[in-house]
Amino acid sequence: MRRPLTLVAVIATLALGLVGPATAAAPAAQPTARTGSCHRTLASYPVLEPGARGAAVRTLQCAVNDLGLGPLTVDGWYGPQTRGAIRRIESSFEGPAPHPGRVNNGFWVLLFGRHLPDRTLRPGQHGPAVRTLQRALRAAGAKVAVNGKFGKGTRHAVKAFQRSQSVAPSGVVNENTRFFLSQGAAIHGLN
């Protein structure tokens with residue numbers, strides 16, 4: 001005996017494509033205004049102010065979304081929606097933001113630094129966490145390749161960053177180094 005389907009079951013079945021005529025495979029997902037194109041590695045991380053437009057703003061929007069502070073529409077415009085997300089980050093500062101709305105190299109370091117995993121990163125490792133570290137270091141002022149490999153160049157950049165923060169220059173990213181990265185520290189006081 002066949003049981004009647006409830007409205008919820010019918011909707012779920014249709015959503016899964018289990019009922020109805022066969023259809024062609026759905027096209028691959030295309031970037032939309034909501035997801036945009038997320039290229040997180042830039043040659044340099046420029047200062048951005050509200051009203052800015054371009055690839056660096058898309059990178060900013062993606063980095064904010066990565067932290068779970070969105071969802072921001074990745075449209076390359078630093079408009080009211082992006083400003084609201086930046087304001088939420090600024091509200092986590094101990095004092096007032098020195099330049100409200102301004103995204104400088106320290107802010108970029110903070111964005112990438114807060115996305116680092118809660119584990120030690122050291123020479124010889126590779127993968128997305130190392131790539132995020134390299135982005136943070138590049139934003140901090142280091143000349144480092146963003147390739148996901150913790151090699152000699154990355155170790156040198158980590159040591160330079162550690163020296164600039166008065167941390168023993170081990171070349172290993174431990175809790176102390178992650179703290180300074182997540183707070184937006186920069187090499188040589190760039191801003």
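Does Gly101 qualify as being touching a Phe, Trp or Tyr at 6+ places or on another chain (Cβ under 9 Å) and either part of a helix (DSSP H, G or I) or small (Gly, Ala, Ser) (or both)?
Taking the combined requirement at face value, the residue satisfies it.
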Exercise. Just one of the numbered conditions (1) among the polar types (S, T, N, Q); (2) closer than 26 Å to Lys143 by Cα; (3) without any contact (Cβ under 8 Å) to a residue 24 or more places away in the chain is not true of Asn104; which one?
Worked result: (3)
Exercise. Do you know which residues across segment 117-148 are crowded, with 17+ Cβ neighbours inside 10 Å and assigned to a helix (DSSP H, G or I)?
Worked result: Ala129, Val130, Arg131, Thr132, Leu133, Gln134, Arg135, Ala136, Leu137, Arg138, Ala139, Ala140
Problem set entry | Test result for Arg53, modelled with pLDDT of 95 or more, among the charged types (D, E, K, R) and more than 21 Å from Gly184 (Cβ to Cβ) | yes
Problem set entry | Residue check for Leu110: crowded, with 17+ Cβ neighbours inside 10 Å, in contact with a helix residue (DSSP H, G or I) (Cβ under 6 Å, 6 or more places away or on another chain) and either over 22 Å from Leu60 (Cβ atoms) or not β-branched (Val, Ile, Thr) (or both) | no
For this session: Would you check if there is a residue in segment 92-99 being outside the structural domain of Ala129 (by TED's automatic domain parsing), surrounded by 13 or more Cβ atoms within 10 Å (Cβ to Cβ) and modelled with pLDDT under 75?
Result: no
Problem set entry | In segment 149-170, the residues that are buried (at least 17 other Cβ atoms within 10 Å of the Cβ) and among the small types (Gly, Ala, Ser) | Ala157, Ala160, Ser164
Problem set entry | Among residues of segment 109-131, those that are closer than 16 Å to Gly68 by Cα and out of contact with any Gly (no Cβ under 8 Å at 6 or more places or on another chain), counted | 6
Exercise. Does at least one position in segment 67-77 carry a residue that is surrounded by 13 or more Cβ atoms within 10 Å (Cβ to Cβ), in contact with a Phe, Trp or Tyr (Cβ under 9 Å, 6 or more places away or on another chain) and aliphatic (A, V, I, L, M)?
Worked result: no
Problem set entry | Residue tally, condition hydrophobic (A, V, I, L, M, F, W, C), closer than 23 Å to Thr41 by Cβ and in a loop (DSSP other than H, G, I, E, B), over segment 54-98 | 4
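The values are calculated or read from the model by the stated rules, or taken from the named source; none is laboratory data. The structure displayed is predicted, hence computed values, not measured ones. Quick reminder, even Gly has a Cβ in these numbers, built from the backbone with ideal geometry, and neighbours come from all protein chains shown.
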